[in-house]
1. Binning at 5 angstrom from zero up to the longest distance, how are the C-alpha pair distances of region 1-128 distributed in percent?
2. Under 16 Å from a point placed 7 Å out from the Cα of residue 195 along the Cα-to-Cβ direction: which residues of region 299-341 have their backbone N that close?
3. I'd like the orientation of helix 60-74 relative to the chain: the angle between its Cα long axis and the longest Cα principal axis, in ° from 0 to 90, rounded to 10.
4. Ordered by packing density, taken as the mean number of other Cβ atoms within 10 Å over each peptide's residues, highest first, how do 167-178, 285-296 rank?
5. Name the most mobile residue of 256, 317, 159, meaning the one with the largest mean-square fluctuation, in a Gaussian network model of the chain with Cα contacts below 10 Å.
6. Extending each Cα 7 Å along its Cβ direction at residue 158 and residue 111, get the distance between those two points in nm, one decimal.
7. Taking the Cα centre of each part, how many Å lie between region 241-279 and region 132-191?
8. If you take every DSSP beta bridge fully contained in region 1-118, what fraction is antiparallel? Give it as a percent rounded to 5.
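What follows draws every value from the coordinates through simple rules; no lab data is involved. Values in this document were obtained by computation on a predicted structure and should not be read as measured data. Cβ: placed from backbone, ideal geometry, glycine included. Neighbour counts: every protein chain shown.
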Ligand code: UT7
C-alpha cells in the first residue's frame, strides 16, 4: 500500500514526540552470566551495549502512559482534547481489553477512541499511517500514537540468539489536524507492506488460537520469541532500502531531501547497510540501539524523541521513518518535523 497525502485539508502534522525508558539497565556483561555469550560478540554482531528492562510491577501500559504524558506535557495538550489513542504493541497487558483503552483512561483521554495495533516492529509506522488517515479524513483532530513494549516478558532467557537483542521502552507522538497546511507540509506519505509467507522466520508459535497455551505439550519456548536471525537480517536489509526508495520516488523526493532517517533499531549492521545503500550521511541517521537494544514498535518514536532532544532534527526538517519486522511487515513514512513552538 502506497499513499500520498491529498491536496485537500486538513493535513496531519507531527507536533510532538517523547519517550519513556525503564530505569533498570541490563548490560552485556550481566547477560554473560545468564547465557553463553560475550560482550564482544553482542557489540560486534549487533552494536548493542546495554538495554532497559521494565520493573516487575511495570506492564506495557505503564510505559505507554509515561511516554503519552510526556508528549501531552511537551505539546501543552489536554488529554481531554485527544480524539484517538493508538497503541502499537506486540506485548499488550492482556489479550483483551486493548492496552490503548487502559492508557487512554489513565491519561484522562475520556473523549478518545482507543485501539491497539499489532504490526510488530513495523507497528509504529503502521499506527502513524492509520492516525494520518483518520486526521486527513476529518475524523480526528488530535491523535496520540504510542509504541510501547515489554519484550523482556516474551523473550526466552535461555536463547542467546534472541535474549541479547530485545528490550523494553515506549515512545509517543502527537499528530494534529492543520486546516491551513499546504502540500509538502506535515505527513507527506507512507508505504506499508506485508508478506505472510515469512510468518515462520520470526514468531511466537503458541499462546494464540492456533496453539493455545493450554494445549498439551506446549513448552515455555513455544510461548517465547523464536527467530531465524539470518533470514530476518536478509529481509530487513532488502526491505528497508526498497520501501524507502519506493516512497521517496512516489513523493518526487530523493535521499538528499531527507534530513533525518529514523529506522527501526534492530541491528547496527542493518543500519550501516542502509547508510551505504541509500548513500545517506551517517550523521543523518539516528542510532541509539547501543543503549536500548531492539524495542520493536517503540524503537522509532524513542529514537526520534532522542534526536529531537539533542537537536539532531530541526523544525521543518524532513524525517524518513522505516520499520520492518515479523509478519513479515514493513512500513516507511515521510513527515516534516513541526514541533509546537
Ligand atoms: O526487529 C526485527 C527483528 N530482528 C532482527 O532484525 C534481527 C536480524 N538478525 C540479526 O540481527 C542477526 O542475524 C543476529 C544478531 C540475530 C545474529 O547475528 P549473525 O551474524 O546473523 O549470527 P548467526 O545467527 O549467523 O550466528 C553465528 C554464530 C552461531 O554459532 P555457530 O553456529 O557459527 O557456531 C550462533 O550460535 O553466533 C552464535 N551466536 C552467539 N554467540 C555468542 C548466536 N547468538 C550468540 C550470542 N553470543 N548471543
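1. Per 5 Å bin, starting at zero, the Cα-Cα P(r) for region 1-128 comes out as 2, 9, 14, 17, 17, 14, 11, 8, 5, 2, 1, 0 percent.
2. Backbone N within reach: 323-332.
3. The angle comes out near 30 degrees.
4. Result, highest mean Cβ count within 10 Å first: 167-178, 285-296.
5. 256
6. Inter-label distance under the simple model: 5.3 nm.
7. 18
8. The answer is about 45 percent antiparallel.
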